Amino acid sequence: MTLSDEQLDQLAGRCLMVDVAGPALGPEEAARLRKMRVRAICLFRRNVPDAASTRRLVAGLKAALGDDILVGLDQEGGGVMRTLFLPQAPAAMALAAAGDEALARQVGGAVARGLKSLGINWNFAPVLDLNNNPANPVIGERSFGAEPARAAALARAWMEGHLAEGVACCVKHFPGHGDTHTDSHLDLPVVDKPQAELRDYELAPFKALAPHAPALMSAHIRFPSLDAEWPATLSPGILTGLLRHELGFQGVAITDALNMKAIRERWGQAAGSVQTLKAGADLALVLQFPDEMEASFNALRAALRGGELAPERLQEAAARVDALTRRYPSLGDDDYAAEQRAADEALFADAWVRALTAHGEVPLLRAGQRLRLVVQDQAPSDGVSEAGLSADRLIAALSRRHALEVVRFKNRAMLDWATLPRDGAFTVLASTSRERYLRREQHSWKPDLHLALWNPYAAADIAAPALISYGFADAALDAISRCLAGEIDAAGRLPVPLGGPHQEQ
């Protein structure tokens, strides 16, 4: 088949998803997007400072690219919420701790309502990774737990609620990112398990949801028993043989971000785009570097012209993306009514309360009691989630019911526990980052109570009773404060085994 330049441009551009620099689309950026013929845009925190700006950005994208576009982002809940101005949804593991499929379905719907009011029509959630590795640096509370059938049931309920509101979902990260101790943003993880074990465990939630999910995101992980050469994102055996032929998946397959070091530092985004589309993906997610976006576009054109990529393969991919866009259009004219927003906030607050989990005997601290709070000034982002909890926010929440003496530290290495006063004050350690505790802290930090406000596995590192919240939204912090004072119980149940204290790799 001989393709004209116009046909080459259309096929190449329709199989790319890219990002934009800020909350407004400038003329040069709009011109570059038009030149590349893209119609799928991924948004990040920098693009969505408030509702009005986000709606204007979506309108600007439509003016530049047409109405039939996909506008996507990661709005999982918990620490992965790109919009701070919408109600803050509970993390997947919080919903698993509550253990209620009806609640998960309601939460999924409420998340979608907020996005739909902005014109965002694609959410890269829910996570189907099973968190069976406590040392996993990037999944943690983003997972619905460690038990395949239960995690799949909760994720399906969340997805059903979300789709019912008219916003597409995207299950991830196929075929499973749970059993790694490497972050694919930083390096290429390897999960070296027998096929039978992968099929029984990691693949089980994807197999369960494959008939129902409109889209799926691949993992930048090498599974030697599935493909000895390529990581999943670039693997024909995984994206076509396993996903399409064996599991029968008919939806859109998109890559995880190709600017992640697992791919970019080995193959580059341009070559990665060609290979993933050859392998069976429908959209290559090319981010961060405008020159690499254009290089990816040109590489796809060259691969088509040179016969490395069959036009039929990209036409198939484009048809799937077309179908997703038609089914879940970007409207942006749905008002998020104040009454509905208040109801969704109340729903999320109830979910955060129901998720609270006690690990060990958490003592009752009567209102007004003096507590010594040990907390990091500002927990950084881990590169995937948003910035962690600030000390000021936690202090404000706990001060509503207790008198606090605060010990703040910039990083853990700067805190010598032996320097804390030995005056009998009840000492509370707050863990506000995803980071696990190392040998030094495990042996020397001796709080009376541990608040594990982000990574639940941190509760295994410190020899103290713990209260686990799976996240640090305002409603979660208020629930912690109320629970400490005895106003509510911690009724959640851990959906994962915590294991022992963290061992340094």
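About its Cα centre, how strong a charge dipole does the chain have in debye, to the nearest 20, once Lys and Arg get +1 and Asp and Glu get -1 at the Cβ?
On the way: 53 positive and 62 negative charges, 78 e Å.
Roughly 380 debye for the chain.
Can you give me the long-range amide H partners of L287? Hydrogens built in the peptide plane at 1.01 Å from N, cutoff under 5 Å, separation of 5 or more residues or another chain.
The answer is L258, N259.
Scale the Cα Rg of the stretch 37-104 by the rule-of-thumb value 2.2 N^0.38 Å and send over the ratio, two decimals. Intermediate results must be reported in sequence, preceding the final value.
On the way: Rg = 14.9 Å, N = 68, 2.2 N^0.38 = 10.9 Å.
This ratio for the stretch 37-104 stands at 1.37.
7 Å from Cα along Cα→Cβ at both V406 and A338: what's the point-to-point distance in nm?
For the pair V406/A338, the computed spacing is 3.2 nm.
With a point put 7 Å past each Cα toward its Cβ, work out how far L3 is from V190 in nm, to one decimal.
3.5
If the chain between Q378 and D489 were fully stretched, how many nm would it gain, using 0.36 nm times the residue separation less the Cα-Cα distance?
Values: separation 111, 0.36 × 111 = 39.96 nm, distance 2.83 nm.
Here the segment from Q378 to D489 would lengthen by 37.1 nm.
Whole-Hz ³J(HN,Hα) for each residue in the stretch 426-443, computed from phi via Karplus 6.51 cos²θ - 1.76 cosθ + 1.60 with θ = phi - 60°, x for glycine and proline: what do you get?
After applying 6.51 cos²θ - 1.76 cosθ + 1.60, I find 5, 10, 10, 9, 10, 9, 10, 10, 7, 5, 7, 8, 9, 4, 4, 5, 4, 8 Hz.
Multiplying the sequence separation of H245 and R266 by 0.36 nm and subtracting their Cα-Cα distance, what value in nm do you get?
Values: separation 21, 0.36 × 21 = 7.56 nm, distance 2.80 nm.
Result for the pair: 4.8 nm of gain on full extension.
Listed highest first by mean packing, meaning other Cβ atoms within 10 Å per residue, what order do 52-59, 7-14, 315-322 come in? Present the calculation step by step, with values, prior to reporting the outcome.
Numbers: 52-59: 18.4, 7-14: 20.6, 315-322: 16.2.
The most tightly packed comes first, giving 7-14, 52-59, 315-322.
Given the C-alpha centroids of the stretch 17-74 and the stretch 278-328, what is the distance between them in whole angstrom?
18
Using the crude model of +1 on Lys and Arg Cβ and -1 on Asp and Glu Cβ, and no other charge, please compute the dipole size for the stretch 341-437 relative to its Cα centre, in debye to 20.
Values: 14 positive and 12 negative charges, 56 e Å.
Computed charge dipole of the stretch 341-437: roughly 280 debye.
Lysine pairs in the chain 8 or more apart or on different chains: how many have alpha carbons under 22 angstrom apart?
Counting lysine pairs in the chain gives 10.
Tell me, what is the percent relative contact order of the chain, built from C-alpha pairs under 8 Å that lie six or more residues apart? Present the calculation step by step, with values, prior to reporting the outcome.
Values: 1139 pairs, mean separation 81.7, N = 505.
Across the chain, relative contact order equals 16 percent.
Quick check: the angle from helix 338-355's long axis to the longest principal axis of the chain, C-alpha only, nearest 10 degrees?
60
Taking a probe of 1.4 angstrom, what is the accessible area of K410 in Å², to the nearest 10?
K410 has an accessible surface of roughly 140 Å² with all protein chains in place.
Using a simple charge model, +1 on the beta-carbon of Lys and Arg, -1 on the beta-carbon of Asp and Glu, nothing else, what dipole does the stretch 278-371 show about its Cα centre, in debye to the nearest 20? Please report the intermediate quantities before stating the final value.
Numbers: 11 positive and 16 negative charges, 71 e Å.
The dipole magnitude comes to about 340 debye.
Restricting to bridges with both residues inside the chain, how much of the DSSP beta-bridge set is antiparallel, in percent to the nearest 5? It would help to have the intermediate numbers written out before the result.
Details: 6 of 43 bridges.
Antiparallel: roughly 15 percent of the beta bridges in the chain.
Can you give the calculated 222 nm mean residue ellipticity of the chain, where each DSSP H run of n ≥ 4 adds -39,500 (n - 2.57) and the sum is split over every residue, rounded to the nearest 500 deg cm²/dmol?
On the way: 16 runs with 178 residues, N = 505.
The per-residue figure over the chain is -10500 deg cm²/dmol.
At 1.567 mPa s and 4 °C, plugging the Kirkwood radius over alpha-carbon pairs of the stretch 185-290 into Stokes-Einstein gives what diffusion coefficient in µm²/s?
Working: Rh = 13.8 Å.
Rounded to a whole number, D works out at 94 µm²/s.
At a 1.4 Å probe radius, carbon and sulfur cover how many percent of the accessible area of the chain?
Values: 9260 of 18560 Å².
Of all accessible area on the chain, carbon and sulfur atoms account for 50 percent.
Probe of 1.4 angstrom, ligands and nucleic acids ignored: what's the accessible area per residue over the chain, in square angstrom?
Working: 18560 Å² over 505 residues.
Roughly 37 Å² per residue, with all protein chains present.
What number does the chain give for Rg over Rh if you use C-alpha atoms and the Kirkwood radius?
Looking at the chain, the ratio lands at 0.99.
Roughly how many Å is it from the Cα centre of the stretch 205-261 to that of the stretch 458-505, as a whole number?
Going from one Cα centre to the other spans 33 Å.
Compare the peptides 130-140, 87-97, 462-472 by average per-residue count of other Cβ atoms within 10 angstrom and give them in order, highest first. Intermediate results must be reported in sequence, preceding the final value.
Numbers: 130-140: 22.6, 87-97: 30.0, 462-472: 24.2.
With the highest mean Cβ count within 10 Å placed first, the list reads 87-97, 462-472, 130-140.
Just to check, using Stokes-Einstein with a Kirkwood Rh over alpha carbon pairs, what's the diffusion coefficient of the stretch 98-195 at 4 °C and 1.567 mPa s in µm²/s?
Details: Rh = 14.2 Å.
Estimated via Stokes-Einstein, D reaches 91 µm²/s.
The values are calculated or read from the model by the stated rules, or taken from the named source; none is laboratory data. What you are looking at is a predicted structure, and each value in this text was computed from that prediction instead of being measured. FYI the Cβ positions are ideal-geometry reconstructions off the backbone, even for glycines, and counts take in every protein chain you see. The area values use the complete protein model at the heavy-atom level, side chains included, leaving out ligands, DNA and RNA. Shrake-Rupley method; radii C 1.70, N 1.55, O 1.52, S 1.80 Å.
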